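First up is the structure itself, then whatever we jot down about it.
The values are calculated or read from the model by the stated rules, or taken from the named source; none is laboratory data. Note that the structure is predicted; figures quoted are calculated from it, not measured. Here Cβ is always computed from backbone atoms with ideal geometry, including for glycine, and neighbour counts include all displayed protein chains. Ligands, DNA and RNA are excluded from the accessible area calculation, which covers all protein heavy atoms including side chains. Shrake-Rupley method; radii C 1.70, N 1.55, O 1.52, S 1.80 Å.
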Amino acid sequence: MLDFVQQLVSGVALGCVYGLIALGFVLVYKATEVVNFAQGDLMMLGGFFAFTFIGMMGLNYWIGFAGAVAAMALFGMLAERVVVRPILGYPQFSIIMATIGLGYFLRSVAGMIWGTDDLKIETPFSHGVLRVGSLVLAYDKLSVIAATMILCALLWLFFNKTTLGTAMRASSENMLAAYYMGIPVKRVVSVVWAISAAVATCAGVLLAPITFIHSNVGLVLGLKAFPAAVLGGFGSIPGAVVGGVLIGVIESMAGFYLAEGWKDVAPYLVLLAVLLLKPEGLFGLHVRKKV
């Protein structure tokens with residue numbers, strides 16, 4: 001039973017990271033109907049920025065964390081302005097290839113600047129444990145879960161209680177109608193990319209105590225986070241987080257209880273089963289088309 005609880009907490013913590021990356025997929029898709037396949041690499045770049053501020057420059061953890069988030073928010077706006085906006089209106093395949101190219105570019109630049117070694121960020125939660133009887137839970141994993149819950153609550157407040165959040169929700173529902181109502185759609189889209197990059201950075205920094213940061217970590221985790229977004233219902237913000245947690249838990253349990261190799265396969269088998277029964281995902285809206 002203790003092993004089960006420990007694996008459950010580990011899976012939820014890893015799933016929270018998947019969920020935050022998936023959240024970035026969903027935010028960009030809802031605002032622009034663009035699938036940003038560089039989302040995982042934005043997480044990787046944010047993690048390297050945090051390592052630079054905290055590990056190399058010696059800044060306080062929280063100051064370095066905030067600095068990395070701010071820097072990546074600006075980078076997200078720049079990426080949208082330079083890479084995506086000039087080709088909006090072109091076939092979706094062109095935009096997808098542009099984001100894939102952006103991901104390759106970021107991985108190459110990260111490898112040239114920070115090298116190919118695995119890096120780790122020391123956090124205030126790196127070494128502590130919570131003991132409940134015979135159960136031992138690491139603070140770093142509990143901190144990831146707590147931080148994800150706080151971040152999701154802040155995003156909910158932003159989208160539902162602020163004028164800019166309302167404008168972003170209106171733009172995601174109908175961009176043309178929002179434009180005619182006087183909403184600055186281009187500025188809103190830039191802010192969405194900024195938030196998406198900032199959320200990805202949070203995922204990268206939270207991931208650091210659990211695993212290492214390297215130039216290909218964004219590609220690996222992006223391939224896990226995208227199915228999480230699909231599982232939850234592509235376009236559903238709560239679904240992205242729930243889908244990420246489910247993927248993380250299934251992966252953790254399969255790695256512990258099943259034979260070697262099932263850890264990477266089991267989440268995709270569950271995804272296929274869910275999509276066969278509920279093609280729109282767990283939280284997606286079902287649209288019945290007339291033939």
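Between a residue in the stretch 219-237 that is within 16 Å of K30 (Cα to Cα) and touching a residue at least 40 places away in the same chain (Cβ under 8 Å) and any residue that is surrounded by fewer than 20 Cβ atoms within 10 Å (Cβ to Cβ) and acidic (D, E), which pairs come within a Cβ distance under 8 Å, given they are 6 or more apart or on different chains? Note: pairs meeting the criteria are G233/E280.
For the stretch 154-183, residues that are open to solvent by 50 Å² or more (accessible area, probe 1.4 Å) and among the small types (G, A, S) total 1. Only one of the listed residues (L78, L8, L42, L59) is out of contact with any His (no Cβ under 6 Å at 6 or more places or on another chain), open to solvent by less than 10 Å² (accessible area, probe 1.4 Å) and modelled with pLDDT of 85 or more. That residue is L42. Among residues of the stretch 184-212 being within 17 Å of A147 (Cβ to Cβ) and among the β-branched types (V, I, T), the one that is surrounded by the fewest Cβ atoms within 10 Å (Cβ to Cβ) is T211.
One residue stands out in the stretch 25-36 among those that are assigned to a helix (DSSP H, G or I) and buried (at least 23 other Cβ atoms within 10 Å of the Cβ): the one that is farthest from the chain's Cα centre (by Cα), namely A31. Within the stretch 49-64, the set of residues being closer than 18 Å to W114 by Cα and in a helix (DSSP H, G or I) comprises F49, A50, F51, T52, F53, I54, G55, M56, G64. The set of residues from the stretch 213-243 being surrounded by fewer than 18 Cβ atoms within 10 Å (Cβ to Cβ) and not aliphatic (A, V, I, L, M) comprises N216, P238.
Of all residues in the stretch 109-144, those that are in a helix (DSSP H, G or I) and in contact (Cβ under 8 Å) with a residue 60 or more places away in the chain total 9. Looking only at the stretch 84-98, count every residue that is within 20 Å of the chain's Cα centre (by Cα) and either open to solvent by less than 80 Å² (accessible area, probe 1.4 Å) or within 18 Å of G204 (Cβ to Cβ) (or both) and tell me the total. Here the count works out to 4. Among the criteria (1) modelled with pLDDT of 85 or more; (2) open to solvent by 30 Å² or more (accessible area, probe 1.4 Å); (3) under 30 Å from T116 (Cα atoms); (4) of a type in the set (A, V, I, L, M), the one L246 does not fulfil is (3). Taken as a whole, the structure leaves Y104 outside the set of residues that are farther than 28 Å from L155 by Cα, at pLDDT below 90 and over 13 Å from the mean Cα position of the chain (by Cα). Looking across G67, G165, one residue alone is under 28 Å from P184 (Cβ atoms), within 21 Å of the chain's Cα centre (by Cα), assigned to a helix (DSSP H, G or I) and at pLDDT below 85. It is G165. Restricting the first member to the stretch 1-24 and to residues that are part of a helix (DSSP H, G or I), and the second to residues that are among the polar types (S, T, N, Q) and at pLDDT 85 or above, the beta-carbon pairs closer than 6 Å and six or more apart or on different chains are Q7/S252; S10/S252; G11/S252; C16/T148; I21/Q39; G24/Q39; G24/S196.
Only one of the numbered conditions (1) surrounded by fewer than 18 Cβ atoms within 10 Å (Cβ to Cβ); (2) at pLDDT below 85; (3) of a type in the set (A, V, I, L, M, F, W, C) is not met by I150, and that is (2).
Within the stretch 115-131, if we keep just the residues that are within 23 Å of the chain's Cα centre (by Cα) and open to solvent by less than 50 Å² (accessible area, probe 1.4 Å), the residue that is modelled with the lowest pLDDT turns out to be S126.
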